[in-house]
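Before any comments, here is the structure.
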């Protein structure tokens, strides 16, 4: 995962604030982990309609906890695939701040297989954190900063019921950062 390049304009202060906020309050109850298990079970059916209901409940509970408006969600089949001359990319999910709509794709682009539960839940948490950036933190944009990824990881590990890893960041020359996965996974 790479962070966005820091902006040089008036949005720089918002970007730096997003980078600074590395924690996220988490519910002290088991609502989100319980709902996450329902999402995992529903994914085994391979039907987006079955996955939609627990995702809606997850977002409702999360929005209620954070005191934000609820956002809506669409669970779609195979991920869109973009192919260019030198690269290919898949879209896992997205968030539209104007409509407060999250879209998640639950099947891989090429083989059309149901994605792993961990990937799907991580994407759901990621897109919901974009919603929080606009609705809770009141940022003018939702950047992929180190803080954003830290907040997303906190929500994901809470919902998954797994221990949180300390993310180890490596700087790049252009002002961006990348997660050093080998060191992160070793716990270094």
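The values are calculated or read from the model by the stated rules, or taken from the named source; none is laboratory data. Keep in mind that what you see is a predicted model, and the values were worked out from it rather than measured. Cβ sites come from the backbone with ideal geometry, for glycine too, and all protein chains shown count toward neighbours.
Details
- Residue ranges of strands (runs of 3 or more DSSP E) in segment 86-188 with at least 2 members surrounded by 14 or more Cβ atoms within 10 Å (Cβ to Cβ) and in contact with a helix residue (DSSP H, G or I) (Cβ under 8 Å, 6 or more places away or on another chain): 93-96, 101-107, 177-179
- Within segment 45-78, the residues that satisfy the criterion of being surrounded by fewer than 20 Cβ atoms within 10 Å (Cβ to Cβ), without any contact (Cβ under 8 Å) to a residue 60 or more places away in the chain and not in a helix (DSSP H, G or I) are 45, 47, 70, 72, 74, 76, 77, 78.
- From the list 97, 27, 48, 69, the one residue that fits, being modelled with pLDDT of 95 or more and within 30 Å of residue 185 (Cα to Cα), is 27.
- Taken over segment 1-16, the criterion of being out of contact with any helix residue (DSSP H, G or I) (no Cβ under 8 Å at 6 or more places or on another chain) and either surrounded by 14 or more Cβ atoms within 10 Å (Cβ to Cβ) or farther than 21 Å from residue 179 by Cβ (or both) is satisfied by 8, 9, 10, 11, 12, 13, 14, 15, 16.
- Where a residue in segment 108-132 is touching a residue at least 24 places away in the same chain (Cβ under 8 Å) and at positive phi and its partner, wherever it lies, is outside any helix (DSSP H, G or I) and surrounded by 13 or more Cβ atoms within 10 Å (Cβ to Cβ), with Cβ under 9 Å and at least six apart: 112/78
- Condition check for residue 40: at pLDDT 95 or above, part of a helix (DSSP H, G or I), in contact with a helix residue (DSSP H, G or I) (Cβ under 6 Å, 6 or more places away or on another chain) and surrounded by 12 or more Cβ atoms within 10 Å (Cβ to Cβ): yes
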